[in-house]
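What follows is one structure encoded as structure tokens, with my remarks underneath.
The values are calculated or read from the model by the stated rules, or taken from the named source; none is laboratory data. Owing to the predicted nature of the structure, the values given are computational and were not obtained by experimental measurement. Methodologically, a virtual Cβ is constructed for each residue, glycine included, from the backbone with ideal geometry; neighbour enumeration extends over all protein chains shown. Note: areas computed on protein heavy atoms with side chains; ligands, DNA, RNA excluded. Shrake-Rupley method; radii C 1.70, N 1.55, O 1.52, S 1.80 Å.
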Amino acid sequence: MNRPIRVLSLYEGFFAGGARILHTDVIAGLHSEGHQQHSVLSIASAARRDASVQYLHHDPRYVRLTRAGVDVTTLGRLGGADAPAPATFTERQLRIAAEVVRHADVILSLKEQPIGLLLALRERGFMPDIPVAACLHRSDPLHSGPALSWLSEAASIGLVSAEISCAQSTSKAYDPFLSPTTARFVIANGIDTDRFRPGTAAETESTRRQFGIPATAPVVVFAARFDTMKDPGLFLRSVALHSQQRPETYYLVCGAGMTLENDAFRTLLNESGVSGRVNLLALGIRDDMPAIYRIADIVALTSAFGEASPLCLIEGAVSGATPVTTDVGDSAASVNGIGFVTTHDAADIAATWDDVLQRRPELRSYSLASRIRFGRQRMIDAYAEAVGELLGRERAAA
């Protein structure tokens, strides 16, 4: 082949979330290297999620890709809590999708939710015989709703020829739902360590001043959307306990739905026992997470289920924060040697936060030493090899 490999990524939509951040980073990196030409087909142009409506053209991932020269096409649907079923696509939407798909050599589906579109295309005879890989980012496939059955069907008929998991726990969890002939790849998450890095004195001073945080006050960051999976109630109960012992601590809550404008969040806040005297800032969706991580002493995660390899833990760590997480998916493996794993008990979490703050200089050095371990280039190289291998298998079979 004398031209770059043409790779199409399918997005359910553009909205805040770790999987979209990671996949966007992968394809932007691969596209910039010149050996592959990437494009994106987004089913939705806006998504109603986590008590907010998020628009494609305002999304930082969309902006980054288009500025990098990656073509993005959308079917113009409004996304919601449920993935679009194959029968819901209109004739016009299928013809738009077919025109985009026919130019691809390989398709990467960001999670299983877009697979319904491929099944609909196949039903109409619009789906070319090319490799399709499902890029999976959870450890609880049963919470995927009907999209899991679409993935399983697509794998059984050979429409999906591979899965690329971001964690061993993900690959293991999805294994029963895939065909024995489905190729399997596990590519651990990596991040841009130029963007996520420790801050200079001037940078940290500026960010603390922006949020009204004193120079020496401890900071705990919780970066997660308002979702049962993330168990924000457990985080808030931990804050209620910890703040009694460390009232000078500031707690920054970031993510979709994590605002006082969200009635459900406000109710949870009241039920958790967090008093008005606690220094809790509900910041919602942020585009300045690198700056926020640079002032963090702790990056906390209290998820109940579903995590695979959470980006927030490693983004915080390479910025100098100590990750403290519950044991879900590959979270424990991600923080091995640099952080702590707790039970799902608020008292245990609060006590661990206190221990971390007492050992802050020592633990910060462990986090910063992990920067080489979590760099993104290894991940990008592994995706490039996986795409090349899938295309090679297809040609060998032909």
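ALA87 - would you say it is open to solvent by 10 Å² or more (accessible area, probe 1.4 Å) and assigned to a loop (DSSP other than H, G, I, E, B)?
Working: open to solvent by 10 Å² or more (accessible area, probe 1.4 Å): yes; assigned to a loop (DSSP other than H, G, I, E, B): no.
Considered against the rule, which asks whether it is open to solvent by 10 Å² or more (accessible area, probe 1.4 Å) and assigned to a loop (DSSP other than H, G, I, E, B), ALA87 comes out as no.
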Scanning for something open to solvent by 10 Å² or more (accessible area, probe 1.4 Å), touching a strand residue (DSSP E or B) at 6+ places or on another chain (Cβ under 8 Å) and without any contact (Cβ under 8 Å) to a residue 40 or more places away in the chain, does region 8-25 turn up at least one residue?
no
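Got at least one residue in region 277-284 being of a type outside the set (A, V, I, L, M, F, W, C), within 27 Å of ARG359 (Cα to Cα) and surrounded by fewer than 19 Cβ atoms within 10 Å (Cβ to Cβ)? Lay out the reasoning, then the answer.
Initial filter on region 277-284 (of a type outside the set (A, V, I, L, M, F, W, C)): 277, 279, 284.
If we keep only those that are within 27 Å of ARG359 (Cα to Cα) as well, we get 277, 279.
Adding the requirement that they be surrounded by fewer than 19 Cβ atoms within 10 Å (Cβ to Cβ) leaves 277.
Checking region 277-284: at least one residue is of a type outside the set (A, V, I, L, M, F, W, C), within 27 Å of ARG359 (Cα to Cα) and surrounded by fewer than 19 Cβ atoms within 10 Å (Cβ to Cβ).
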Go through region 351-374 residue by residue and tally those that are free of Cβ contacts under 8 Å to residues at least 40 places away in the same chain and of a type outside the set (A, V, I, L, M, F, W, C).
8
A careful count of residues in region 251-264 that are over 24 Å from PRO290 (Cα atoms) and either open to solvent by less than 30 Å² (accessible area, probe 1.4 Å) or in contact with a helix residue (DSSP H, G or I) (Cβ under 7 Å, 6 or more places away or on another chain) (or both) gives 1
Which listed residue, of VAL239, VAL274, is more than 30 Å from HIS23 (Cβ to Cβ), among the β-branched types (Val, Ile, Thr), touching a helix residue (DSSP H, G or I) at 6+ places or on another chain (Cβ under 9 Å) and not in a loop (DSSP other than H, G, I, E, B)
VAL239
Selection over region 120-144 where residues are in a helix (DSSP H, G or I) and open to solvent by 20 Å² or more (accessible area, probe 1.4 Å) yields a count of 4
Could you please find all residues in region 53-68 being open to solvent by 30 Å² or more (accessible area, probe 1.4 Å) and out of contact with any helix residue (DSSP H, G or I) (no Cβ under 7 Å at 6 or more places or on another chain)?
VAL53, TYR55, HIS57, HIS58, PRO60, VAL63, THR66, ARG67
Which ones in region 163-219 are of a type in the set (Asp, Glu), without any contact (Cβ under 8 Å) to a residue 24 or more places away in the chain and either open to solvent by less than 20 Å² (accessible area, probe 1.4 Å) or part of a loop (DSSP other than H, G, I, E, B) (or both)?
ASP194
Those residues of region 96-118 which are farther than 15 Å from LEU75 by Cβ, among the hydrophobic types (A, V, I, L, M, F, W, C) and either in a helix (DSSP H, G or I) or touching a helix residue (DSSP H, G or I) at 6+ places or on another chain (Cβ under 6 Å) (or both) amount to VAL106
Just to be sure before I move on: is ASP231 touching a Ser or Thr at 6+ places or on another chain (Cβ under 8 Å) and of a type in the set (Asp, Glu) in the structure I sent?
yes
